[in-house]
Amino acid sequence: MTDTPSLLAAAAREQGNTLPVWFMRQAGRSLPEYRAIREGIPMLESCRRPDLVTEITLQPVRRHDVDAAIFFSDIMVPLAAAGVDLEIRAGVGPVIADPIRTAEQIHALPDLDPEAIPDIAESVRAIRAALPPHKVLIGFAGAPYTLASYLVEGGPSKDYARTKALMAAEPMLWDELCAKLARISATFLRVQIDAGAQAVQLFDSWAGSLAPLDYATRVQPHSAHVLSRVSDVPRIHFGVGTGELLRLMGAAGADVVGVDWRVPLDEATRRIGPGRAVQGNLDPALLRAPWEVVADRARDVIRAGAAAPGHIFNLGHGVPADTDPDVLTRLVALVHEEGPALRAAAPAR
Ligand code: CP3
């Protein structure tokens with residue numbers, strides 16, 4: 001075995017006798033120490049204060065012994081830094097002051113100057129300096145479609161109707177919007193990587209709302225542009241409800257495809273095709289079940305993940321706010337203690 005951190009080895013499909021684990025939204029409201037430090041401080045403000053970002057990013061690593069820290073920020077931070085008037089409302093999500101619906105607004109959307117976010121680089125450096133060498137710092141950004149959905153809808157949406165209508169009716173304008181968002185996301189990722197982030201995750205959380213043809217023609221090229229600008233580190237690409245898009249999301253330029261809980265990892269591996277690792281995919285809802293149920297389902301995930309040439313254990317989406325953090329700590333221990341043997345014992349495919 002080399003000294004490569006387990007998450008980087010798995011992403012490179014050379015994981016040997018390890019099974020790395022982290023959780024989307026591991027830094028957040030499930031932790032009492034997070035709720036305490038965030039008390040009275042708006043979300044966007046906390047994302048711009050290196051003291052808070054550093055402490056919050058490290059909290060779940062200390063508590064759970066996960067193999068990676070995910071940078072504490074939000075997909076909307078680079079848009080706010082570029083000058084888009086928005087807030088992140090507790091219990092709601094991003095809310096845009098003037099939703100983007102006209103050609104003029106799209107033409108006027110500003111670019112992100114890396115010099116506008118020196119605090120992001122400062123936070124990344126402080127986190128990397130404090131993290132043990134074998135723990136990986138993952139940077140992230142939102143993918144153009146998911147960012148566009150917030151800008152166009154004005155906030156969270158169930159059906160993304162205005163976004164899809166814009167895409168279908170005004171493909172040139174749509175491409176202009178997404179090309180701008182791709183540049184902003186790529187800049188946000190480059191700042192994190194240049195300051196010390198060792199892997200990145202591109203969140204296209206709501207891509208699963210799209211038909212494969214629309215995804216392939218109007219979304220994938222823009223995500224591919226972002227991923228091509230960060231090809232010096234392993235790239236994880238994730239969305240919810242993407243069972244029909246897994247191959248296309250991998251082909252956008254991902255080393256690791258994140259899979260939600262709807263498709264078992266062996267079937268996901270078949271759909272993705274050769275040459276890519278997987279990340280996932282325990283159903284977050286199960287975290288409320290009795291421990292033995294959680295443990296058995298986690299073992300099923302690990303066995304199915306053995307079909308892939310690399311597996312990073314995670315949930316199928318973010319940690320629910322009301323999760324008992326002790327369940328997460330036990331889950332990390334199970335993955336570390338039982339994972340390698342379960343992976344090795346699974347039938348070769
Ligand atoms: O631990 C981590 O995963 C790192 C931090 C992180 C946050 N947001 C912090 C956050 C990450 C990676 C994100 C990404 C993000 N933000 C996504 C993609 C991931 C996903 O869930 O699919 C999306 C769609 C957003 C937009 C957004 N921001 C939503 C939907 C919400 C939740 C609204 C709510 O309150 O339920 C936010 C706010 C947010 N981002 C919180 C956190 C910890 C909660 C804010 C709080 O604690 O007050």
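Values quoted throughout were computed directly from the atomic coordinates according to the rules given, and no laboratory measurement underlies them. Quick caveat, the model's predicted, so the values are computed rather than measured. Reconstructed Cβ throughout: ideal geometry from the backbone, glycine too, with neighbour counts over all protein chains shown.
Across 10 Å bins from the origin, how do the percents of Cα pairs in the range 252-338 run, short distances first?
Using 10 Å bins, I get a P(r) of 18, 51, 26, 5 for the range 252-338.
To the nearest whole percent, what portion of all C-alpha pairs in the range 293-349 is separated by more than 12 angstrom?
Every Cα pair in the range 293-349 considered, those over 12 Å come to 67 percent.
Go through THR269, LEU189, GLY241 and say which Cα lies farthest out towards the positive end of the charge dipole of the range 181-282; charges sit on Cβ, +1 for Lys and Arg, -1 for Asp and Glu.
Positive-end residue among those listed: LEU189.
Rounding to the nearest 20 debye, state how big the charge dipole of the range 1-94 is about its Cα centre with +1 on each Lys and Arg Cβ and -1 on each Asp and Glu Cβ. Display every interim value, and only then the final one.
Details: 10 positive and 12 negative charges, 46 e Å.
Dipole magnitude for the range 1-94 comes out near 220 debye.
Any idea what the dipole of the chain comes to, in debye rounded to 20, about its Cα centre with Lys/Arg Cβ at +1 and Asp/Glu Cβ at -1?
680
Find, to one decimal place in angstroms, the Kirkwood hydrodynamic radius of the range 190-349, where the mean of 1/r is taken over every pair of different Cα atoms and then inverted.
In the range 190-349 this quantity evaluates to 16.3 Å.
Using helices alone, I'd like the mean residue ellipticity at 222 nm for the chain: each DSSP H run of four-plus residues gives -39500 (n - 2.57), total over residue count, nearest 500.
-14500 deg cm²/dmol
Please report, in Å, the Rg and the Dmax of the range 1-144, where both are computed over Cα atoms only.
Both quantities, over Cα of the range 1-144: 17.3, 56 Å.
Is there a quick way to get the dipole size of the range 42-121? I mean about its Cα centre, with the Cβ of Lys and Arg at +1 and of Asp and Glu at -1; what is the value in debye to the nearest 20?
On the way: 6 positive and 14 negative charges, 64 e Å.
Here the range 42-121 has a charge dipole of around 300 debye.
What share of the DSSP beta bridges in the chain is antiparallel, in percent to the nearest 5?
15
Report the Stokes-Einstein translational diffusion coefficient (µm² s⁻¹, integer) for the range 157-283, Rh taken as the Kirkwood radius over Cα pairs, at 20 °C with viscosity 1.002 mPa s.
Using the Kirkwood radius from Cα pairs, D works out to 143 µm²/s.
Can you tell me what percent of all Cα-Cα pairs in the chain are more than 39 Å apart?
Taking all Cα-Cα pairs of the chain, the fraction more than 39 Å apart is 9 percent.
Using +1 at the Cβ of each Lys and Arg and -1 at the Cβ of each Asp and Glu in the chain, identify which of HIS222, LEU282, GLY40 lies farthest towards the dipole's positive end.
Looking along the dipole axis, the top candidate is LEU282.
Compute the distribution of all C-alpha to C-alpha distances in the range 98-200, in bins of 10 Å from 0, and list the percent of pairs in each, rounded to whole numbers.
So the P(r) values, bin by bin, are 14, 38, 26, 18, 4, 0.
Out of ILE56, PHE140, LEU331, whose Cα points farthest toward the positive end of the dipole of the chain (charges: +1 Lys, Arg; -1 Asp, Glu; placed on Cβ)?
Working it through, the farthest residue towards the positive pole turns out to be LEU331.
For the range 220-279, divide the Cα radius of gyration by the Kirkwood radius and give the resulting Rg/Rh value with two decimals.
My calculation of the ratio gives 0.94.
Rounded, prolate or oblate: pick one for the range 4-87, where a ≥ b ≥ c are the square roots of the eigenvalues of its C-alpha gyration tensor, a/c under 1.5 means rounded, and failing that, prolate if a/b is larger than b/c, else oblate.
Here the range 4-87 falls in the oblate category.
Give me the net charge for the shell around VAL335: Cβ to Cβ below 11 angstrom, other residues only, Lys and Arg +1, Asp and Glu -1.
-1
Modelling each spin label as a point 7 Å along the Cα-to-Cβ direction, I'd like the MET172/THR329 distance in nm, to one decimal.
Placing both labels 7 Å along Cα→Cβ, they lie 6.0 nm apart.
With Cβ to Cβ distances under 10 Å as the rule, what net charge do the other residues near CYS47 carry (K, R +1; D, E -1)?
Charge balance near CYS47 sits at -1.
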